[in-house]
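Written below as structure tokens is the structure these notes are about.
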Amino acid sequence: MSLATAPQLNGQSFDYLAELVLRGSAIVIDKSKTYLFESRLLPIARANGLTNLDQLVETLKRPGVSALADSVIDAMTTNETSFFRDLHPFNVLRTHLIPELIEKRSKERVLNIWSNACSSGQEVYSIAMLLKEHFPELAGWRVRLTATDLSKQILAKAQSGVFTQAEINRGLPMPMVLKHFKRSGVHWQISDEIRRMVDFKVLNLVEPWPPTLPKMDIVFLRNVLIYFSVDTKRQILGKVHRVMQSDGVLLLGGAETTMNLNVRFERRVIEKATGYCPI
């Protein structure tokens with residue numbers, strides 16, 4: 001059966017899947033996005049011997065299928081990413097934010113950066129390579145790059161540091177590839193030195209956060225809030241505020257803002273990028 005001829009998802013099944021994804025990830029999927037369920041979940045249904053999504057829903061209602069439910073939630077999380085995505089935030093990191101923090105933290109010599117919803121790791125590895133390329137003075141510092149995502153499957157890929165040629169082509173100049181990667185068959189493997197800079201952890205933004213998170217100097221929360229309801233955005237921003245240094249900077253996606261969501265952030269425009277500072 002082809003995707004084009006697959007039976008349409010009935011209303012009750014849609015509601016069940018939408019509620020399952022909402023509970024598990026806080027991602028809101030309305031009926032205009034039915035096609036997302038059909039395109040992303042039919043492969044899971046067929047892998048479990050089911051012919052359509054209504055049968056998948058009936059299976060999900062049975063006891064003892066938590067692994068299947070996790071697979072559904074993983075499939076519905078958006079993992080669009082690339083190296084040095086949108087470029088401007090990384091330019092500002094290099095020209096302003098890191099130099100400022102090096103001056104401010106010269107006594108403590110500690111730097112904490114968090115990549116939220118890190119997906120397959122391109123964002124946090126971009127940060128790691130930027131630090132390695134441009135700030136040799138950090139060699140004697142305790143630099144901690146934390147990368148989190150709710151999907152164990154995508155985190156395993158990120159932690160492996162293995163990327164396809166197509167993924168490498170999106171955002172990485174060849175000199176940087178040759179410096180920080182090596183060929184592994186038809187793939188590219190990031191260097192152990194860069195990989196060791198990153199601490200990958202499972203974290204669901206809408207669930208309680210571990211108390212072990214350090215106070216963050218820079219938080220990347222880019223292209224994440226757009227998938228949540230207004231109330232969920234407020235809750236997440238409130239928790240982000242609590243784990244940030246008072247002089248830290250939050251970086252959001254180009255279509256995101258804290259305006260009308262959390263008054264405890266002050267907008268800061270730096271060149272062509274926008275940051276948000278706790279107040």
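The values are calculated or read from the model by the stated rules, or taken from the named source; none is laboratory data. Keep in mind that this is a model prediction, so the values were computed, not measured. Heads up, the Cβs are rebuilt from the backbone with ideal geometry, glycines too, and the neighbour counts pull from every protein chain shown.
Report whether or not VAL206 is at pLDDT 95 or above and surrounded by 13 or more Cβ atoms within 10 Å (Cβ to Cβ).
Values: at pLDDT 95 or above: no; surrounded by 13 or more Cβ atoms within 10 Å (Cβ to Cβ): yes.
So VAL206 fails the test.
Is it fair to say VAL92 is of a type in the set (A, V, I, L, M, F, W, C), surrounded by 19 or more Cβ atoms within 10 Å (Cβ to Cβ) and not assigned by TED's automatic domain parsing to the domain that holds GLN159?
So VAL92 does not fit the description; no.
With respect to LEU60, determine if the residue is out of contact with any strand residue (DSSP E or B) (no Cβ under 9 Å at 6 or more places or on another chain), modelled with pLDDT of 90 or more and farther than 30 Å from GLY161 by Cβ.
Yes, satisfied.
When only residues in region 95-128 that are charged (D, E, K, R) and at negative phi count, which is surrounded by the fewest Cβ atoms within 10 Å (Cβ to Cβ)?
Step one: of region 95-128, the residues charged (D, E, K, R) are 100, 103-105, 107-109, 123.
Going one step further and asking which of them are at negative phi, we end up with 100, 103-105, 107-108, 123.
Values: GLU100: 14, GLU103: 8, LYS104: 13, ARG105: 17, LYS107: 6, GLU108: 9, GLU123: 25.
Once the filter is applied, the top-ranked residue is LYS107.
What residue, of SER184, SER119, SER115, is polar (S, T, N, Q), without any contact (Cβ under 8 Å) to a residue 40 or more places away in the chain and either in the same structural domain as VAL243 (by TED's automatic domain parsing) or more than 30 Å from ASP70 (Cα to Cα) (or both)? I'd like the intermediate steps shown before the answer.
Values: SER119 fails: without any contact (Cβ under 8 Å) to a residue 40 or more places away in the chain; SER115 fails: without any contact (Cβ under 8 Å) to a residue 40 or more places away in the chain.
Step by step, each of SER184, SER119, SER115 is checked, and only SER184 is polar (S, T, N, Q), without any contact (Cβ under 8 Å) to a residue 40 or more places away in the chain and either in the same structural domain as VAL243 (by TED's automatic domain parsing) or more than 30 Å from ASP70 (Cα to Cα) (or both).
Return the residue satisfying two criteria in turn: it lies in region 71-110 and is in contact (Cβ under 8 Å) with a residue 40 or more places away in the chain and acidic (Asp, Glu), and of such residues it is nearest to LEU203 (Cα to Cα).
Per the stated criteria, the residue is ASP74.
So in region 246-279, with the set limited to residues that are part of a loop (DSSP other than H, G, I, E, B) and either of a type in the set (D, E, K, R) or modelled with pLDDT of 95 or more (or both), which one is nearest to the chain's Cα centre (by Cα)?
GLU256
So in region 210-237, with the set limited to residues that are in a loop (DSSP other than H, G, I, E, B) and among the aliphatic types (A, V, I, L, M), which one is surrounded by the fewest Cβ atoms within 10 Å (Cβ to Cβ)?
LEU213
Could you list, in sequence order, all residues of region 169-188 that are farther than 18 Å from PHE90 by Cβ and part of a loop (DSSP other than H, G, I, E, B)?
GLY185, VAL186
Is there any pair linking a residue in region 123-141 that is under 15 Å from PHE83 (Cα atoms) to one that is among the basic types (Lys, Arg), with Cβ under 7 Å and at least six apart or on different chains, and which?
Qualifying pairs under 7 Å: GLU123/ARG85; LEU130/ARG94.
So for region 116-124 (the condition being part of a helix (DSSP H, G or I), under 20 Å from ARG183 (Cβ atoms) and modelled with pLDDT of 95 or more), does at least one residue qualify?
If we filter region 116-124 for residues that are part of a helix (DSSP H, G or I), which is where we start, we get 122-124.
Now drop any that are not under 20 Å from ARG183 (Cβ atoms), which leaves 122.
Narrowing the set further to residues that are modelled with pLDDT of 95 or more leaves 122.
Yes, region 116-124 has at least one match.
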